[in-house]
Each structure stands twice: as C-alpha cells, then as structure tokens.
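The values are calculated or read from the model by the stated rules, or taken from the named source; none is laboratory data. This structure is a prediction, so every number in the text was calculated from the model and none was measured. Cβ atoms come from the backbone with ideal geometry, glycine included; neighbour counts cover every protein chain shown.
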C-alpha cells in the first residue's frame, strides 16, 4: 500500500508541475493570472503614488516650518543699507577719532570691531599713521536706499 501512496504522490507532483507550467493553463486560468498580475501592478502604483504624496507633504511641512523659524521680518521692519563714504584726514586725526565720529553701536559690537573693518577696507594695519590730506573709506548704515 505504501508504494501506491508513493506513486500517487509522484503522480500528484507531476500533475502539479504541469499545472504550474503556463503552456497547460486553460483560458480562464490565463485570465485569472493576468488579472492577478494587473492587480499587483495597480497596488504597486498606488504605493508609489502614496509615497510621492507623503514626500510632497513632508517637503511642504519642512519648507513651511523653516520659513516660520527663519524669523521672517514683519511689515514694521526697517531695512538698513550699508554704504561707504570717503573721509579726508585732517591734521591730528587718527583712525580711532574718525571711527568714533562715525560709529553705529546698533551695527557693531564694539568700537574696536568697527576700527578693524575700517583698517581692512583701507589695507591699514594697527600701527599705520594717517597723514593730513589722505582719504580713507568708512562704512556707514542708512535706512534710505540710494
């Protein structure tokens, strides 16, 4: 009896291998297989669309939060523009005296940082002396756009 069972299982294996071979599918089995593949493609497209929509939503949220957190200025904000002017050096003037006359404490943390900027603009070092009649460039800020 065990040999019959063994033969039947072999026969069933042979039938199953034929069943899985597309050459032996009936018309309805082919149609069912095509529908299964079509449904799988549709589901794959839906997952892709869902992923794209999620990515767009995440990008929009990140962009919105970064705009909010960037500290965008309100309507009452006054814009200050940076300009440069030339100053003629008179006898007895120094970089320190010219800087203190044009210093803006709202824009610079200290007079020394302002003097450092004047020195770098004019290619001066801290030991440079100014001669009467020379001109130096000095930065300043104004709310007027020129």
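Out of all the residues in the range 60-78, is one or more out of contact with any strand residue (DSSP E or B) (no Cβ under 9 Å at 6 or more places or on another chain), surrounded by 10 or more Cβ atoms within 10 Å (Cβ to Cβ) and touching a residue at least 24 places away in the same chain (Cβ under 8 Å)? No, the range 60-78 has no match at all. Does residue 87 meet the test of being in contact (Cβ under 8 Å) with a residue 24 or more places away in the chain, under 44 Å from the mean Cα position of the chain (by Cα) and more than 30 Å from residue 76 (Cβ to Cβ)? Criteria met by residue 87. Condition check for residue 140 on (1) touching a strand residue (DSSP E or B) at 6+ places or on another chain (Cβ under 9 Å); (2) in a loop (DSSP other than H, G, I, E, B); (3) free of Cβ contacts under 8 Å to residues at least 60 places away in the same chain: one failure, at (2).
When you scan the range 1-106 for helices (runs of 4 or more DSSP H) that lie fully inside it, which ones turn up with 2 or more residues that are modelled with pLDDT of 90 or more?
On the way: elements: 2-19, 27-69, 95-102.
Filter on the range 1-106 gives 27-69, 95-102.
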